[in-house]
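The values are calculated or read from the model by the stated rules, or taken from the named source; none is laboratory data. Predicted model, so just to flag it, every value in this text is computed and none were measured. Cβ placement follows ideal geometry from the backbone for every residue including glycine, while neighbour counts extend to all protein chains displayed.
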Amino acid sequence: MNKKKSTYDNSKRLVDAENTKVAIIKAFGTLWSRYSIKDITLEMVAKEAGVTTKTILRKFGSKSGLTNGSLSYLAAEIESERTLTTVGNIDDILKALLSNYEKMGEAAIRTINLESELEIARRIGAKGRALHRDWCIRVFAPYLPDELSVDYEVQLTSFIAATEIYLWKLMRKDLKLSKEKTFSIFKNLVEGLINKNT
């Protein structure tokens, strides 16, 4: 067999295998946005991805393996959406944040509520909190004191709390406020923190 052709075939197989894996993870993410994580079955993921359950098991081993495999991918997707912000620009920061919450907020809340039952829910919750903290450190950097300051952790945690997903749930889902009012309230909270320290 032609060596060049064999190399090409192997490369194509690897690309196809990776594309299938990503399609399965994306299908899981789509279902996660609609259903509780414990209600998602491999059959549902297979149907959404257009593959067989056998293929999913071959790639991930089990539902737990699929969930774990999806965690890093979904976290990276959320992170990439939030990185499209100008550091220090409050309007830009809050638009990116609230757009992200509109997209995956309900799924995240459902998962957080399962933390007492499911290890994977605890892992997703912990990953989300770590990502949110790192994001706040980056985007609110101009408004944070020196990292060695005794006030640093209090100010950082205040920004984390003022942009917390449960606040979004309170405004949008419980109080049924519009996106515009929700944005204004988040902005008031964040600017209040900034003005307090200037």
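A few notes on this one:
- Test for residue 58: is it among the charged types (D, E, K, R), outside the structural domain of residue 194 (by TED's automatic domain parsing) and not in a loop (DSSP other than H, G, I, E, B): yes
- Of residues in the range 110-164 being in a helix (DSSP H, G or I) and among the aromatic types (Phe, Trp, Tyr), the one nearest to the chain's Cα centre (by Cα): 135
- Near pairs, Cβ below 6 angstrom, 6+ apart or cross-chain, from the range 104-115 (more than 13 Å from residue 173 (Cβ to Cβ)) to any residue that is surrounded by fewer than 18 Cβ atoms within 10 Å (Cβ to Cβ) and basic (Lys, Arg): 115/122
- When residues of the range 16-43 are limited to those that are hydroxyl-bearing (Ser, Thr, Tyr) and assigned to a loop (DSSP other than H, G, I, E, B), the one modelled with the highest pLDDT: 41
- Top-ranked residue in the range 165-198 [being of a type outside the set (Lys, Arg), at pLDDT 95 or above and not in a helix (DSSP H, G or I); ranked as surrounded by the most Cβ atoms within 10 Å (Cβ to Cβ)]: 177
- Residues satisfying the stated conditions in the range 44-55, i.e. exposed (fewer than 12 other Cβ atoms within 10 Å of the Cβ) and part of a helix (DSSP H, G or I): 54
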